[in-house]
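All of the numbers you see were taken from the coordinates with simple rules; none came from a lab. From a predicted model like this one, the values you see are computed outputs, not experimental measurements. Heads up, the Cβs are rebuilt from the backbone with ideal geometry, glycines too, and the neighbour counts pull from every protein chain shown.
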Amino acid sequence: MAYRAPVAEFQFILDHVVGLDEVVATDRFSEATPDVTRAILDGAGRLCDDVLAPLQRPGDLHPARLENGVVRTSPGYAEGYRAIAEGGWVALSAPAEHGGMGLPTALSTAVNDMMSGACLSLQLNPLLTQGQIEALSHHASDEIRALYLPKLIAGDWSGTMNLTEPQAGSDVGALKTRAVPNGDGTYAVTGQKIYITWGDADFMENVVHLVLARLPDAPAGTRGISLFLVPRNLPDAEGRPGVANRVKVVSLEHKLGLHGSPTAVMEFDGATGWMVGQPNKGMAAMFTMMNNARLGVGVQGVGVAEAAFQQALAYAADRRQGPTPLGDGGILGHADVRRMLAGMKAEIFAARAIALSCAVAADMGTATGEADWTARAAFLTPIAKAWGTEVGMEVAQQGVQVHGGMGFIEETGAAQYLRDVRVTAIYEGTNGIQAMDLVGRKLADGGDVAWRLLEEVEQTAEAARGVFPDLAVEVWTAAEALRDTTEWMLAREMTDRFAGAVPFLRAWARVLGAQLHLAAALAEGGSGPRSALARVFIRRLLPEHVSALAAARAGADDLYALSDADLGA
Ligand SMILES: Cc1cc2nc3c(=O)[nH]c(=O)nc-3n(C[C@H](O)[C@H](O)[C@H](O)COP(=O)(O)OP(=O)(O)OC[C@H]3O[C@@H](n4cnc5c(N)ncnc54)[C@H](O)[C@@H]3O)c2cc1C
């Protein structure tokens, strides 16, 4: 079944659950009026339904391949990318002074979700360019901004991020790529980077690499990393892509999924580069790109979950296997199949609303400059990333289950969603690293943001007490339990926190998801499909916070009591 972008769902969440109106009330985003928002969501929905969704299977069946040094892309991807670029979809949130639309991140996050559901492997390309635009806007010199931003924003050139090396994955500080001054303001960049998404493409006029590398006298570790811009083709005096730079794709990876997205091993052999930001401050500059990309990857998970859900629902409506309590209709009349489908729908709503509320906080931070908003966005980012991608994996695997044997057969496409989405929990910082960020850096404020968020959960529960007394009590009680464990975390050493970080993050997602479901049910007026879905989430999925919090508080001793030898190593 073909993917259909859930445009009305985004409109509802933005208008009634996460408070886009507050963003639009600021001077910075006053142009994002309801009419504009509606037009953007409708337009993106049409692009996804008509142009991108038909590319999903061809990308899987005909992977990108390297041919005589040229990255040949999957059938239809060149045309699909052109439609994205010409429609201005690369740069919805990019600064208006360089040709972007300057719209809220909340809108580009909604559009990224839809595009990921339609065709994840192609969507990765503009996603990385968006992150690069943001990094250059904040950290590059005026000359670099003037030359590169208009090209990236127009989608004529695309952006990549080059962190990973064979010995430097999560431990970025171990990277060895070198950058030596050429004496004319440029640098000679030398090293090998692996797993570089959309490292090149046959349809791209130019590809701009942001590369982390070390200056000759740099200190060890992350404190000695600088950021360099290295174009595939060096721009000439008029800004056209000129002679080839000393950078090439050495090979493309063979992957579990995401076949349409070329994942490249890149070789930089004295390639000409320009420094972005300050010497040895490359990680801070790259983090601008990564934070944007982390939220973007979170909604990649949500988008794929949506597509997997739609496909499973259509199959379950059609497939007949004996009488159900609803008669002789499709298997979705069976209680267990309905449990799966209702759970999938409830998970998608919660993960999507968490991501959009993170985007709203980021927009409010940009618009007001208030540190509270920025801190809130920073707290929610690892939750949006890790939880969105966990939901992507869980819903996609439930989607296979709903199909029965046909889920395991490639023709239905259910298995592709599962294969494609798997990597979203790995790249952009594994979900384990996200959870460690939550219990480490994001609690470094002593819990200020956490307490504010929990107060809001309790306020929502309080507001719901008259309409849904049973649900309100469950949400309020869960928030209190989460408060206790957050206090426990704050009192512990890092190793204990890290040992419980992943379940702690899951508990946060469960509680925030429950709050957002309650808010949707209240906005609906207390009865209807959103209230029914909130009930499913709060009765069936929220209780998982209890076991998650128990695991979060287990500490590290039991894990290390098992020696390497005990594990069988
Ligand atoms: C399809 C694909 C596309 C990618 N695209 C890009 C790209 O465009 N640019 C780029 O630079 N990189 C890219 N990557 C690389 C990706 O970001 C890394 O794979 C990821 O950061 C993990 O690094 P690693 O693979 O070396 O795993 P490792 O770092 O070796 O991790 C292995 C396991 O150990 C855990 N672990 C590691 N360190 C710690 C720690 N300190 N504490 C607790 N657990 C830890 C991890 O969570 C993981 O479970 C891509 C990868 C893939 C597969």
Enumerate the whole-percent occupancy of each 20 Å bin, from 0 to the last occupied one, for all C-alpha pair distances of the chain. 21, 55, 23, 1
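Got the relative contact order for region 286-373 handy, in percent, Cα pairs under 8 Å and 6 or more residues apart? Present the calculation step by step, with values, prior to reporting the outcome.
Values: 59 pairs, mean separation 21.1, N = 88.
Worked out over region 286-373, it gives 24 percent.
Going by average Cβ density within 10 Å per residue, which order do the peptides 239-252, 302-315 take, highest to lowest?
Working: 239-252: 16.1, 302-315: 27.1.
Result, highest mean first: 302-315, 239-252.
What is the packing order of peptides 52-64, 78-90, taking the mean over residues of other C-beta atoms within 10 Å and listing the highest first? Present the calculation step by step, with values, prior to reporting the outcome.
On the way: 52-64: 20.0, 78-90: 18.4.
Packing order, densest peptide first, comes out as 52-64, 78-90.
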Looking at G257, S141, A551, which one has the Cα that reaches farthest to the positive end of the dipole of the chain (charges on Cβ: Lys, Arg +1; Asp, Glu -1)? G257
What does the charge dipole of region 442-533 about its Cα centre add up to, to the nearest 20 debye, if the Cβ of each Lys and Arg holds +1 and the Cβ of each Asp and Glu holds -1? 300
Using +1 at the C-beta of Lys and Arg and -1 at the C-beta of Asp and Glu, which of P75, I40, A96 has the Cα lying farthest in the positive direction of the dipole of region 23-104? P75
For the pairs K248/K281; K255/K385; K151/K345; K193/K345, flag any whose C-alpha to C-alpha distance is greater than 30 Å. K151/K345; K193/K345
Once the dipole of region 116-203 is set up from charges on Cβ (+1 Lys and Arg, -1 Asp and Glu), the residue from the list L120, A174, I153 lying farthest towards its positive end is A174
Kirkwood hydrodynamic radius of region 293-391, from inverse mean 1/r over distinct Cα pairs, in Å: 15.0
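Using only the Cα atoms of region 210-274, build the gyration tensor, take square roots of its eigenvalues as a ≥ b ≥ c, and label the shape rounded, prolate or oblate: rounded if a/c is under 1.5, else prolate if a/b is larger than b/c, else oblate. If you can, show how the numbers build up before the last one.
Numbers: a/c = 2.41, a/b = 1.10, b/c = 2.18.
Since a/c reaches 1.5 but b/c is at least a/b, the shape of region 210-274 is classed as oblate.
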How large is the charge dipole for the chain, taken about the Cα centre, if only the Cβ atoms of Lys, Arg (+1) and Asp, Glu (-1) carry charge, to the nearest 20 debye? 800
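Hey, what did the chain get for relative contact order, percent, Cα under 8 Å, at least 6 apart? Write down the numbers at each step before the final one.
Working: 1113 pairs, mean separation 74.9, N = 569.
Taking the mean separation of contacting Cα pairs over the length of the chain, I get 13 percent.
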Region 173-242: C-alpha gyration tensor shape, a/c 1.5 cut-off, then a/b vs b/c: oblate
Of the DSSP beta bridges with both residues in the chain, give the percent that are antiparallel, rounding to the nearest 5. 85
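Which of the peptides 485-497, 8-20 is most tightly packed, and how do the rest follow, going by the mean number of other Cβ atoms within 10 Å of each residue? Walk me through the intermediate numbers first.
Working: 485-497: 16.2, 8-20: 20.0.
Ranked from most to least packed, the peptides come out as 8-20, 485-497.
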Karplus-derived HN-Hα couplings along region 356-371 (A = 6.51, B = -1.76, C = 1.60, θ = phi - 60°), whole Hz, x at Gly and Pro: 5, 6, 5, 5, 4, 4, 5, 5, 5, x, 5, 6, 9, x, 7, 5
Can you give me the Kirkwood hydrodynamic radius for region 224-322, using every pair of distinct Cα atoms, in Å to one decimal? 17.8
Whichever aspartates and glutamates have a C-alpha closer than 15 Å to that of K176, once near sequence neighbours (fewer than 8 apart) are set aside: E165, D217, E267, D269
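Rounded, prolate or oblate for region 452-569? Axes are the square roots of the Cα gyration tensor eigenvalues, ordered a ≥ b ≥ c, and the cut-off for rounded is a/c under 1.5. Write out the running numbers ahead of the final one.
Details: a/c = 3.83, a/b = 2.34, b/c = 1.63.
It is prolate, given that a/c is not under 1.5 and a/b is the larger ratio.
Tell me, what is the Rg over Rh of region 248-294, with Rh the Kirkwood radius over Cα pairs?
Ratio of gyration radius to Kirkwood radius: 1.08.
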Counting Lys and Arg as +1 and Asp and Glu as -1, each charge on the Cβ, what is the dipole of region 362-438 about the Cα centre in debye, to the nearest 20? 120
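Rounded to the nearest 0.05, what FRET efficiency is calculated for E253 and A551 with R0 set to 30 Å and r the Cβ-Cβ distance?
0.35
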